[in-house]
């Protein structure tokens, strides 16, 4: 909100949205819906709503199904039914190397679910468990070769 001071009616508000999906068509559909809603809100008034792209679109990077399978098996061995597959098309390193090597990502929980923030933290136990899952997934992948 701008000017962002107490007891002052804001003249402008900004909302930042980030969409992630491994399917580019889904991202395009979400974008179309957001733009349509913005146009409808502007038409209805009394405020104008504009969609402004603040960064270049990045195509989703699809993670390797085989590596994801090995990670899933290792996670199930260590924490049966307490893990979940999280489809991610996030950039990170795979965005750069997936064109040359199979890639997958392993996420471990952040305390309180806080991520991408200076307050982000992970328990030592979850870091160790994540390393064990990664090591077992790597061993399983190598044994398959």
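Readers should treat all values here as calculations from the given coordinates under stated rules, not as data from a laboratory. Just so you know, these numbers come straight off a predicted model, no measurement behind them.
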(request) Compare 37, 134, 67 in a GNM of the chain, Cα atoms joined below 10 Å, and give the one with the largest fluctuation. (result) 37
(message) Among 94, 109, 60, which one shows the highest mean-square fluctuation when the chain is modelled as a Gaussian network with alpha-carbon springs under 10 Å?
(response) 109
(request) Restricting things to alpha carbons, find the Rg to Rh ratio for the stretch 65-144 using the Kirkwood radius for Rh. (result) 0.97
(message) Quick check: Cα centre of the stretch 108-145 to Cα centre of the stretch 48-62, how many Å?
(response) 29 Å
(message) Can you compute the radius of gyration and Dmax for the stretch 1-58, using only the Cα atoms, both in Å?
(response) 14.3, 44
(request) Please give the helix 124-144 orientation as an angle from the longest Cα principal axis of the chain, in degrees from 0 to 90, rounded to the nearest 10. (result) 60 degrees
(request) Using just the helices of the chain, give the 222 nm mean residue ellipticity in deg cm²/dmol: DSSP H runs with n ≥ 4 each add -39,500 (n - 2.57), and the total is spread over all residues, rounded to 500. (result) -13500 deg cm²/dmol
(request) Compute the acute angle (0 to 90°) between the alpha-carbon long axis of helix 24-44 and the principal axis of greatest extent of the alpha-carbon atoms of the chain; round to the nearest 10°. (result) 20 degrees
(message) What's the whole-number percent of alpha carbon pairs in the chain lying beyond 19 angstrom?
(response) 68 percent
(message) What do you get for the angle between helix 65-78 and the principal long axis of the chain? Use alpha-carbon atoms, 0 to 90 degrees, nearest ten.
(response) 70 degrees
(message) Compute a Gaussian network model of the chain, connecting alpha carbons closer than 10 Å, and tell me which residue from 84, 18, 132 fluctuates the most.
(response) 18
